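Asker: Provided herewith is a single structure, encoded as structure tokens, for subsequent inquiry.
The values are calculated or read from the model by the stated rules, or taken from the named source; none is laboratory data. Note that the coordinates shown come from a computational prediction; the quantities given were computed from them, not determined experimentally. Here Cβ is always computed from backbone atoms with ideal geometry, including for glycine, and neighbour counts include all displayed protein chains.
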């Protein structure tokens, strides 16, 4: 037991008798008690210091903890040494001493790791140099603060100037918008209004800051506007949109929104700005203008319809008689040819004098002038009926001419053609009457009684009428030979009958040839139906024509399969008409051959009587 206590309490220290009184304990152990009390006092002071100086660096705090643990260990060790004689609890005292030893060991371990950290901390000299450097930096900061103060004062002056300029700019901006139909606003990325200016203080932007488009526009319009604005925010590209908003009086208010992205210093889109222009008045004007334009277009369409394809030309000229507008120019001319030119530039010579006289008379008198003129256009003469009237200015003085020219060339041609036709008709009527008169005498001389005369004469008149009908249908320009043949043969055979074979090219005969060839065909047909091939069912007629070498036209008539043909004992009207009248009238020859197989007739006339 003594050995254990010696190990715990240390060698060389006298042990009091066991047990002892308190007086003996104090006599022998008062140094241990004093050491324990001092260690506890110092440990408490260290704990209080450590708690109050929580800003100390971690190494100092860990060093203080090691000292506190060591002091506690010393206090425990001294108390056990003092109490050991009084409380002879060897086992318990040993455990307490062992706890003190563990605390001392812990303090030693902390000290082992804290010492390098403490050595790494700056020394007092280093701290002094650091303080000097810190003082220099503080002085530099003080100088910087003075400079920053000067800069701030300068910036404040600049801000004050900029603020004044901005105020003036805003005043000018507001003055520029005052009385206009333009409102301006800004919105953030969530489309909430952040600023709005409406010079009219109207309903639309009276109090919108902090609100969205739903509070400004009716639902359908708000959705359309919000969609356009979101597109600007997402793409960063401006856009514009037109909307119609019901106004307080029930009418529609037409607005145009021009939307642009609002960017920060880095170019990022932080919102949008937009101008709203009230287009209601402009829309009303455009509506009225559209109605007037439509009415004008309809009037122009009616004007164009009235003149399209007509022979009426409308024009205007200045006081120098230069054309400045032409509509539906005469055939052979174009508006581009006339614009900028005068009549003297277009025509020279005496033919333009009547036209110039009419127009100059209208300018000088200030009254309407009319007249008929003839002008060469496209190598031929054109007749015009002209009417011009002066265009008066605000001082009622002529500033130009407006006129109408009606092309009467076709009317003049028709009149000339009508006169020619009348002369031709008179001539042909005389010839026709002479032919009829001769035909009547010959028919009467060879008729035994009036009834026979009437029958024969009527048939011949009908033959002549058939030829006349064909000529009238072609306006007396000629008659188709095939149609003439079919018309004359129709008095004896049905059209398309197998008794007649017709061959020959499509030709037309001139009026005289048509009349005479028609009479010849009538006589040949009449003779064939009475005595020739058409008098029996097996008879046939071969009829052909052609243009022969030498410039002759030949009509060939040949009968086959009929009764035997015999030359008549006396010359009848038909033979006389064929051999004398037709041949002589057309400067040709007619050959009649009464063959046993049937009559053969060849009519040769100059090809000049034929039209291809």
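Asker: So which residues in region 346-367 are farther than 19 Å from residue 407 by Cα and either loosely packed, with under 14 Cβ neighbours inside 10 Å or touching a helix residue (DSSP H, G or I) at 6+ places or on another chain (Cβ under 7 Å) (or both), if there are any at all?
Answerer: Result: 348, 349, 350, 364, 365, 366, 367.
Asker: Could you grab me the full set of residues in region 86-95 that are part of a helix (DSSP H, G or I) and either at pLDDT below 75 or under 14 Å from residue 71 (Cβ atoms) (or both)?
Answerer: Across region 86-95, the qualifying residues are 90, 91, 92, 93, 94.
Asker: In region 27-38, is there at least one residue being at pLDDT below 65, at negative phi and over 60 Å from the mean Cα position of the chain (by Cα)?
Answerer: yes
Asker: Specify which of the listed residues (495, 505) is free of Cβ contacts under 8 Å to residues at least 24 places away in the same chain and assigned to a loop (DSSP other than H, G, I, E, B).
Answerer: 495
Asker: Given the conditions (1) modelled with pLDDT under 85; (2) in contact with a strand residue (DSSP E or B) (Cβ under 7 Å, 6 or more places away or on another chain), and given that residue 180 satisfies all but one, which numbered condition is not satisfied?
Answerer: Residue 180 satisfies all of (1) modelled with pLDDT under 85; (2) in contact with a strand residue (DSSP E or B) (Cβ under 7 Å, 6 or more places away or on another chain) except (2).
Asker: Looking at (1) surrounded by fewer than 13 Cβ atoms within 10 Å (Cβ to Cβ); (2) at pLDDT 85 or above, can you tell me which one residue 406 breaks?
Answerer: Unmet for residue 406, out of (1) surrounded by fewer than 13 Cβ atoms within 10 Å (Cβ to Cβ); (2) at pLDDT 85 or above: (1).
Asker: Is it the case, given these coordinates, that residue 251 is surrounded by fewer than 16 Cβ atoms within 10 Å (Cβ to Cβ) and either over 27 Å from residue 284 (Cα atoms) or modelled with pLDDT under 80 (or both)?
Answerer: yes
Asker: Scan region 257-269 for residues that are surrounded by 15 or more Cβ atoms within 10 Å (Cβ to Cβ) and over 26 Å from the mean Cα position of the chain (by Cα) and report the count.
Answerer: Going through region 257-269 one residue at a time, the tally reaches 3.
Asker: Determine if region 507-514 includes at least one residue that is modelled with pLDDT of 85 or more and under 60 Å from the mean Cα position of the chain (by Cα).
Answerer: Yes: one or more hits.
Asker: Just to check your reading of the model, which residue among 262, 279 is closer than 18 Å to residue 194 by Cβ, assigned by TED's automatic domain parsing to the domain that holds residue 182 and touching a residue at least 60 places away in the same chain (Cβ under 8 Å)?
Answerer: Exactly one of 262, 279 is closer than 18 Å to residue 194 by Cβ, assigned by TED's automatic domain parsing to the domain that holds residue 182 and touching a residue at least 60 places away in the same chain (Cβ under 8 Å), namely 262.
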